[in-house]
Amino acid sequence: MSRSPMVGVTGQLVKILVLSVVAALAIWAATPLVQAEAWIGLGVVIAVTALIFYIYLSPKRLPAKYLLPGTLLLIAFQLIPVFVTVSTSVTNYGDGHRGDKADAVAMIQAGAVKEVPGSPRYLLSVAWEGENTSDGKLVFLLTEPGDRQYLLGDDQGLSPLDPGSLTVDGDGRILAAEGYTVLSRAQFNAHSDQITSFAVPTDAGGIRSTGFDAYEGVSTRVYDEGCDCITDSETGEVFYADNDNGYFVTEDGTRLRQGWRVNVGLDNFARFFTDPEVRGPFLSIFTWNMMFAVGSVLFTFALGLACAMAMNHDRIRGKTLYRILMVLPYAMPSFAMLLVWRDMFNPDYGLLNQLLGLELNWFGETWTSRAAVLLVNTWLGYPYMFLICTGALQALPRDTLEAARIDGATGFQAFRKITLPLLLVSLTPLLISSFAFNFNNFNAIQLTSAGHPFPDGSPQTGDTDLLITYTFRLAFNGTGVDYGYAAAVSMFIFTIVAVISGISFARTRNQEEIYR
């Protein structure tokens, strides 16, 4: 049977369109790689693009045409994140250790700048990198008053700005710039501590702010490659490079705040067991994490199964309506529902306290907070269990249950010895996946209790924190973030879930053999 010519033409047009998009994306990805001289990344982009064109322009290799998209997505969203996490977990990457040694030296010298007579002065505007955001990198937008030269100052140094992309006032001060969000006077004052501590490294030393202007000064700290050390000209202190830990330290152990990224081996993993400040909180969080995951699975499964068995009874009328009502929590966005529940637990105006006549600070005590998050998670999770249990119950052989009744088994005996074991054979993989999901259920904690309550002297470790929320706070939300340790915790979480899932699946296979 021959294909319609129109179908063949349409297919060719779609292929040309898709490959054109691939080529455009490849060019878009290659441009910054060339500018950064990232030749390995550029080689990967070229190789992947060539492979896509080779497979889809070939009249053969039909299986590869179906497998390639899924394989590329698997590599991009699974293997690469795992590789990055593993490689980060063996480093000291975090605040003070973000760049290499050269970056650290430049920042140390720029951070110790002192204004001297005759230092160049600039008109200063402070901005965030990016449009309409306050989460980007802080930069200085500088105007040299003499020849109206416009410069961008960041942690890498100075670079010229295109005057055509700028809006300036009569004095030449930059009011707006494409690709940047200029801070207002109020925002400038609100971030004054961050602005005054920021410095742009230059050959002479660095550029720092003074009010709404900036000056280029001379650094009081000088790096000497011969001794691999930094000397403070004001105090006379000498800081020697500790290349094992990524710091400059004096002989008495005093170290500079700015360091560089180095490989620390398994030190981050050893902290779980050797550092008392880490070991205690980690073990308590792990214990609660297991309780939360197991409790969530048990409570949601028990409630979902009970509802499914009730709705499976032949004498129940209006089953369809009841079932629709029971799955409503599953149909609602969990993100929004968690925020609603959080407000319901509010000690001042929360619905629960008003209905029950209580004056309870739900998230102020350890066990009330834990009970609250388990209650919320049960409410959100039982509709899923209700659905899968309903399907599994309807698939059970009725003759087996009838035979049990004829033999004189009570309803509870039939449930315990026949219904439940048969259900577990088919539902155990889903229960395992539910455990893995709840073990890393970030939203259930972050959007309700946010880890509260926090014990005195422990701002990083809350009593309702899971390992995943603890990791998030270490990596992104603390006063001093530690990506390396957070990545090590992520590897630990992955190992725990993998081991428990493997053991559970092995037991599931044994159950299948018994009831086969």
**Message:** Taking 8 Å as the Cα distance limit and 6 or more residues as the minimum spacing, I'd like the relative contact order of region 273-515 as a percentage.
**Reply:** 25 percent
**Measure of compaction for region 273-515 (Cα Rg per 2.2 N^0.38 Å)** = 1.18
**Prompt:** What does the helix-only formula give at 222 nm for the chain: each DSSP H stretch with n ≥ 4 adding -39500 (n - 2.57), the total divided by the residues, and the result rounded to the nearest 500 deg cm²/dmol?
**Reply:** -17000 deg cm²/dmol
**Asked** Just how large is the dipole of region 273-515 about the Cα centre, in debye to the nearest 20, putting +1 at every Lys and Arg Cβ and -1 at every Asp and Glu Cβ?
**Response** 900 debye
**Prompt:** If you place +1 on the Cβ of every Lys and Arg and -1 on the Cβ of every Asp and Glu, how big does the dipole about the Cα centre of the chain come out, in debye to the nearest 20?
**Reply:** 3640 debye
**Request:** State, to one decimal in nm, how far the label point of residue 228 lies from the label point of residue 375, with both points 7 Å from Cα in the Cβ direction.
**Result:** 6.0 nm
**Message:** Need the list of lysines near residue 101 for cross-linking: C-alpha distance under 25 angstrom, and skip anything on the same chain fewer than eight residues off.
**Reply:** 114, 137
**Request:** Please list, in chain and number order, the residues 5+ apart from residue 180 or on another chain whose amide H is under 5 Å from its amide H, with Hs placed from the backbone.
**Result:** 130
**Ranking of 229, 307, 389 by count of other Cβ atoms within 10 Å, fewest first** = 229, 307, 389
**Asked** How would you order 435-444, 191-200 from highest to lowest mean count of nearby Cβ atoms within 10 Å?
**Response** 435-444, 191-200
**Item:** Sparse-neighbourhood loop sites, chymotrypsin sites (Phe, Trp or Tyr not before Pro) in region 347-408 - DSSP loop, at most 10 other Cβ within 10 angstrom
**Value:** 349
**Message:** So in the chain, which Cys have no other cysteine's beta-carbon sitting under 4.7 angstrom from theirs?
**Reply:** 307, 389
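Just need the relative contact order of the chain here, percent rounded to a whole number, with Cα pairs under 8 Å and 6+ apart.
Numbers: 693 pairs, mean separation 73.6, N = 516.
Answer for the chain is 14 percent.
Taking the beta-carbon count within 10 Å as an exposure proxy, list 56, 180 from fewest neighbours to most. Present the calculation step by step, with values, prior to reporting the outcome.
Working: 56 15, 180 24.
Listed from fewest to most nearby Cβ atoms, that is 56, 180.
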**Asked** If you wrap a convex hull around the Cα atoms of region 255-322, how much volume per residue is inside, in Å³?
**Response** 186 Å³
**Prompt:** Contour minus end-to-end for residue 245 and residue 313, with contour as 0.36 nm per residue of separation and end-to-end as the Cα-Cα distance?
**Reply:** 17.8 nm
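Here, each number is a calculation from the coordinates, and none is a lab measurement. These numbers come from a predicted model, not from an experiment. Neighbour counts run over all protein chains shown; Cβ positions are idealised from the backbone, glycine included.
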